[in-house]
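Read the structure below first, then the notes.
The values are calculated or read from the model by the stated rules, or taken from the named source; none is laboratory data. Just so it is clear, the model here is predicted, and its values are computed rather than measured. Note that we place each Cβ from the backbone using ideal geometry, even for glycine, and neighbour counts take in every protein chain shown.
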Amino acid sequence: MADDRGEWLRREAARWVAEGLLSAEQAEAILARHAGAAAAEGAPAGPAPAGIDAAALDERVREKGLRQGRVVAVVSTLAVVLIGIGAILFFAANWAEMPRWGKLAVVFAPLAGSFLLAWRLRFSPGEHPAIGEALLLLGAILYGSAIFLVAQIFHIRAHWPNGVLWWWLGALVLAYAALSRSALVLALLLVPVWVGCESVFWFDREKDEAVWLLVLLMFLAAGTIYLAAGRIHRRLRGAPPFAGAFEALGSVVLLAWAYVLSFGWFHHEMGAAVTEAPLALRWAIGLGAVALGATAAAAWLRPAADALLDALVPFALLAVGLLLAAFPAGHVWPILFNFVLLALIVWMVRLGMRAGRSWPVNLAVAFFVLLVATRYFDSFWNLMPRALFFLLGGILLLGGGIALERQRRRLLGRARKAGP
């Protein structure tokens, strides 16, 4: 009977480890204790614990835990975003009826509460780090709303896009102080928001469409800075684990920049030289200088041949952007930027395969599909009957999608083999 119980326990222990209820070490300790108790009672202990591959089962449990952690993080982040939007809408609906002290309490109480609860959940004692991370993001969102609400309470007159700039600075400080990736992503997203706010201000002031060219030049500089910052984080010892976030968002910004400039209508509208918008030009030159410096620093930290080649790509993009700013009119620009976008796509595939990472390959494939679909619509919308246009487009998308998915899987397999 004791031997039957031991056999049952061995089977169940293996199942519990496979399901993640126990670690392999815990299962072995339970089986060893059962064997000792059986020996003390004079019953046969049965064969030694077998069938439990500790390394494989621990890896399975770890992967399951990571998947569950990601689900918790995504759900918590979505909940925080909804709470932040709801809080902002509540403030907007009831703001006029509140006294000044009530407004300040409504602004700062949730802000302090979110940071305090985030500290308890993530750091001390830190029993729910994913939810604590989401609450840090909520605190960063509430901090931004507090900037504008306090300015409205005290009727502070200032250059209003600077509010976004102060929001970015606070989110960036929070990201590095708490090692929060979500706060970092918010800070990185606030840079294009700030550029957009400044562009609206400049256009209202300058009344010059050339401002939008400078805005795109600033986006180019921002994307280049993000890429360089990612490489610097990857090379410096003890740097926060933010390299992936910088590189991913920088790649998206650069690809989106080239995609927008691949349209002919944009260049037809940009007939004036950018020197007619001096304020925007100063900002563009400043960000461009920072981008050049950051790219040079990233190349200096890794003076290998592949790193120098990667550094040449941002330098070439900045040179093309400056030429476009100086000579915005011309029919050659849309053609050139289609090739620039294709070159960036190939470069992203090369980066992903060399580093063994899947996201650059997936991002490159997504923008390639977007480019092909866009050019198809541009070229054949007015040349074909509508029924034939959609039928042919569907066939091409289906066949091209199958071919691209096969190629993507092939590239990802080669990237995993070549990766570190």
Quick check on segment 94-101. Is at least one of its residues over 26 Å from residue 199 (Cα atoms), assigned to a helix (DSSP H, G or I) and among the aliphatic types (A, V, I, L, M)? no
Go through 135, 149 for me and flag whichever is crowded, with 19+ Cβ neighbours inside 10 Å, under 19 Å from residue 193 (Cβ atoms) and under 29 Å from the mean Cα position of the chain (by Cα). 149
Residues in segment 178-201: is at least one within 28 Å of residue 292 (Cβ to Cβ), modelled with pLDDT of 85 or more, assigned to a helix (DSSP H, G or I) and of a type in the set (Gly, Ala, Ser)? yes
Residues to consider are 232, 225; find the one that is at pLDDT 85 or above, part of a helix (DSSP H, G or I) and closer than 25 Å to residue 336 by Cβ. 225
